[in-house]
Amino acid sequence: MAQKSLQDLFDIFLNQQPLFIKKEALQETHTPENVPHREEQVKQLATILVHTLRGEKPSNIFIYGKTGTGKTLVSKFICGEIGKRAKTHGLNLIALYLNCKIDKINTPYRLFAHILYQLGEQVPVTGLPTEEVYRKFIQTLDKNKSTFILILDEIDSLTDTSTLYNLTRVNTQLQNSRVSLIGISNSSGFTNNLDPRIRSSLSEEELVFPPYNAPQLKDILFKRAEIALRPGVLEEGVIEKCAALAAQEHGDARRALDLLRVAVELAERNGEPSVTINHVDTAQKKIDTDRVVEIIKTQPRQSQLVLYSIIYLKDLEKGDISTGDIFEIYGKLCKKYNLTPLTQRRVSDLISELEMLGLIGANIISKGRYGRTRTISLDVVGTALEKGREILKYELA
Ligand SMILES: Nc1ncnc2c1ncn2[C@@H]1O[C@H](COP(=O)(O)OP(=O)(O)O)[C@@H](O)[C@H]1O
Ligand SMILES: [Mg+2]
C-alpha cells in the first residue's frame, strides 16, 4: 500500500468514534458484579455453603447445566462473597477454584500439585511418587486449619476417577481442616458413570442450571452492553436479535455475548457509526465458521476423514446416511489418503465424538424386529460447511 493511503487509513480510524468504550465487559474474562436471573441458584448454593460460616463442613455439591448457563460465574461469585463474610467473622475459609479442562487436570498428581501450588507450596510438575504428593497435600490442608471449598469446574475432564475417590474420602484423613467439593459439569449424565460410592458422595446435593430464555438474555446483554459500549451505538433490535439467536441455541449466555461483541467488532472494522441487525447475522456466520474451522483443525486425521466421508455422502444427496455408508466411504478415502483404516467399531466411536462436538447429529431409528439403526445428519451448513470442506481437503492432502 502506498504510504499516503496508509496514512489516510490511520486518519480514518483515528477520527472515527470508537464503538467500544470497555470491550472487556463483553468478554468471558469479565466478571459482572451481580448475577441476574440466577437468584434461585445463588440462594440454593448459599443455603448449603452457609454452614462453612459456622465452621461446619457443608455437603458436597454437584452442579450441572448446559454451556453458558452461568455455572462458572455463579460458583466463583458465591465463593467470593462467602470469603468476604468469613474474613469479617475471622473464620478460616479457603475457596479454591480449578478448571479441570483448562488446567489439564487428568491425573491425581496434577490435581494435588495444582492445589498445593494455589496454597503456596511448590511441587515439581512431574517426578515425585503420587503418594508423596498426596501426603504433602493432606499435610498442607491440615496445617492450614481451615474449611476448604474446592471447586472442580468441567469435572468431566478428570477422567481418572480414582482421583475423585481420593477426594471424596479426604476428610477422614484430616484432623484440623475439612474439605467440601463442588463439582461442575455440562452434562447431567456425568455422575451416572461413576462408582456408586463416589456418586453418592459427590452429589450429596444437586443443583441444575436451566437455560436462559430470550428476555433473560436480553436483560443480561443490556446490562453488559451499558458498560462496554458508547451510548446509542446499537440500532434498535440488535440486542433482541442476539438474545433470540442465543435462546434458540440452548439459552447460552456465552453465545449471546459473543454475538454482540463480534457484531460490534464487524461494524467497527468497517468504519460504520452504529451496529445493525445485519451485523448480528454476519457475526453469527463468522462465529460458526471460526468454530467449525477450529474444531476440524484440532481433530486427529482419522476423525477428519470420518467427517469428510459424511460430507461426501451428504453431497451425494441420497437421503439417510447410515454408519455402514460412512464406513464404506471412509474405507475408500483411507486408500486415497494412505491411512490404515480403523475397525467399524472405532469409526462408530469417532462418529459419536463428532456428534458431541456438535458437527453432526445422530438419530436412532427403530426398524421394528430388525432392531435399531443410527442415521447421521450433518449439522454444519452454509459458509461454515464450505470453509470446513476447504480446510478438510487442505488438512488431509
Ligand atoms: N446471569 C448472568 N449475568 C451476566 N453474565 C452472565 C450471566 N450468566 C452467564 N453470564 C456470562 O456468560 C458467559 C458464560 O457463563 P459461564 O458461567 O461461564 O457459563 P457455564 O460455566 O455454565 O458454561 C460468561 O461470560 C458469563 O460472565
Ligand atoms: Mg463453565
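With respect to HIS279, determine if the residue is assigned to a loop (DSSP other than H, G, I, E, B) and either more than 18 Å from LEU229 (Cβ to Cβ) or more than 16 Å from ligand 1 (Cβ to nearest atom) (or both).
Values: assigned to a loop (DSSP other than H, G, I, E, B): no; either more than 18 Å from LEU229 (Cβ to Cβ) or more than 16 Å from ligand 1 (Cβ to nearest atom) (or both): yes.
Here the answer is no, as HIS279 does not meet what is asked.
Being under 26 Å from THR140 (Cα atoms), within 16 Å of ligand 1 (Cβ to nearest atom) and not β-branched (Val, Ile, Thr) is the filter here, so list the residues in the range 159-200 that pass it.
GLY183
What are the pairs with Cβ atoms under 9 angstrom where one residue, in the range 16-32, is within 16 Å of ligand 2 (Cβ to nearest atom) and the other, located anywhere, is part of a loop (DSSP other than H, G, I, E, B)? Sequence gap at least six, or different chains.
From residues that are within 16 Å of ligand 2 (Cβ to nearest atom), the pairs are HIS30/LYS22.
Quick check: is even one residue across the range 137-155 in a helix (DSSP H, G or I), within 16 Å of ligand 1 (Cβ to nearest atom) and on the phi < 0 side of the Ramachandran plot?
Of the range 137-155, the ones in a helix (DSSP H, G or I) are 137-143, 155.
Restricting the remaining residues to those that are within 16 Å of ligand 1 (Cβ to nearest atom) gives 155.
Of the ones still in play, those that are also on the phi < 0 side of the Ramachandran plot are 155.
Yes, the range 137-155 has at least one match.
Which condition number does ARG291 fail, the rest of (1) under 28 Å from the mean Cα position of the chain (by Cα); (2) modelled with pLDDT of 95 or more being met?
Unmet for ARG291, out of (1) under 28 Å from the mean Cα position of the chain (by Cα); (2) modelled with pLDDT of 95 or more: (2).
Please work out if LEU45 is buried (at least 16 other Cβ atoms within 10 Å of the Cβ), more than 22 Å from GLU204 (Cβ to Cβ), within 16 Å of ligand 2 (Cβ to nearest atom) and not basic (Lys, Arg).
On the way: buried (at least 16 other Cβ atoms within 10 Å of the Cβ): yes; more than 22 Å from GLU204 (Cβ to Cβ): no; within 16 Å of ligand 2 (Cβ to nearest atom): yes; not basic (Lys, Arg): yes.
No: the conditions fail for LEU45.
Please list, ordered by first then second residue, the pairs with beta carbon atoms under 7 Å, 6 or more apart or interchain, first in the range 311-335 and of a type in the set (Phe, Trp, Tyr), second crowded, with 17+ Cβ neighbours inside 10 Å.
Here the result reads TYR312/ILE329; PHE327/VAL347; TYR330/LEU305; TYR330/VAL306; TYR330/SER309; TYR330/VAL347, each pair linking the range 311-335 to a residue that is crowded, with 17+ Cβ neighbours inside 10 Å.
Checking ILE220 against (1) more than 16 Å from ligand 2 (Cβ to nearest atom); (2) touching a Pro at 6+ places or on another chain (Cβ under 9 Å): exactly one of these is not met. Which one?
Going through (1) more than 16 Å from ligand 2 (Cβ to nearest atom); (2) touching a Pro at 6+ places or on another chain (Cβ under 9 Å) one by one, ILE220 breaks only (1).
Out of the residues in the range 212-270 meeting the condition of being closer than 22 Å to GLN17 by Cβ and either touching a Gly at 6+ places or on another chain (Cβ under 7 Å) or among the β-branched types (Val, Ile, Thr) (or both), tell me which one is surrounded by the most Cβ atoms within 10 Å (Cβ to Cβ).
Looking at residues that are closer than 22 Å to GLN17 by Cβ and either touching a Gly at 6+ places or on another chain (Cβ under 7 Å) or among the β-branched types (Val, Ile, Thr) (or both), I get VAL264.
Give the residues of the range 240-260 that are assigned to a helix (DSSP H, G or I) and either within 10 Å of ligand 1 (Cβ to nearest atom) or without any contact (Cβ under 8 Å) to a residue 12 or more places away in the chain (or both), sorted by residue number.
Across the range 240-260, the qualifying residues are ALA246, GLN248, ALA253, ARG254, ARG255, ALA256, LEU257, ASP258.
When only residues in the range 49-95 that are of a type in the set (S, T, N, Q) and within 16 Å of ligand 1 (Cβ to nearest atom) count, which is farthest from the chain's Cα centre (by Cα)?
Ranking the candidates gives SER75 first.
How many residues are within 16 Å of ligand 2 (Cβ to nearest atom), touching a helix residue (DSSP H, G or I) at 6+ places or on another chain (Cβ under 8 Å) and not in a strand (DSSP E or B) when one looks only at the range 176-191?
Here the count works out to 3.
Only one of PRO36, PRO58 is in contact with a helix residue (DSSP H, G or I) (Cβ under 7 Å, 6 or more places away or on another chain), at pLDDT 95 or above and either away from ligand 2 (no atom under 16 Å from the Cβ) or in a helix (DSSP H, G or I) (or both); which?
The unique qualifying residue is PRO36.
Take the residues in the range 160-180 that are buried (at least 20 other Cβ atoms within 10 Å of the Cβ) and among the polar types (S, T, N, Q), then tell me which one is nearest to the chain's Cα centre (by Cα).
Top of the filtered list is THR163.
Scanning for something closer than 26 Å to ARG199 by Cβ and at pLDDT 90 or above, does the range 9-32 turn up at least one residue?
The answer is no; no qualifying residue exists.
Could you tell me whether SER75 is at pLDDT 90 or above and among the hydroxyl-bearing types (Ser, Thr, Tyr)? It would help to see each step written out before you state the result.
Numbers: at pLDDT 90 or above: yes; among the hydroxyl-bearing types (Ser, Thr, Tyr): yes.
Taking the combined requirement at face value, the residue satisfies it.
Restricting the range 192-204 to residues that are buried (at least 18 other Cβ atoms within 10 Å of the Cβ) and of a type outside the set (A, V, I, L, M), which is nearest to ligand 2 (Cβ to nearest atom)?
Only one residue tops the list, namely SER203.
List, please: which pairs have Cβ atoms under 7 Å, are six or more places apart or on different chains, and start with a residue in the range 75-100 that is touching a residue at least 40 places away in the same chain (Cβ under 8 Å) and end with one that is within 16 Å of ligand 1 (Cβ to nearest atom) and of a type in the set (S, T, N, Q)?
LYS76/THR31; CYS100/SER157
The values are calculated or read from the model by the stated rules, or taken from the named source; none is laboratory data. On a predicted model such as this, the values are computed, not experimentally measured, just so you know. Note: ideal-geometry Cβ built from the backbone for every residue, glycine included; neighbour counts use all protein chains shown.
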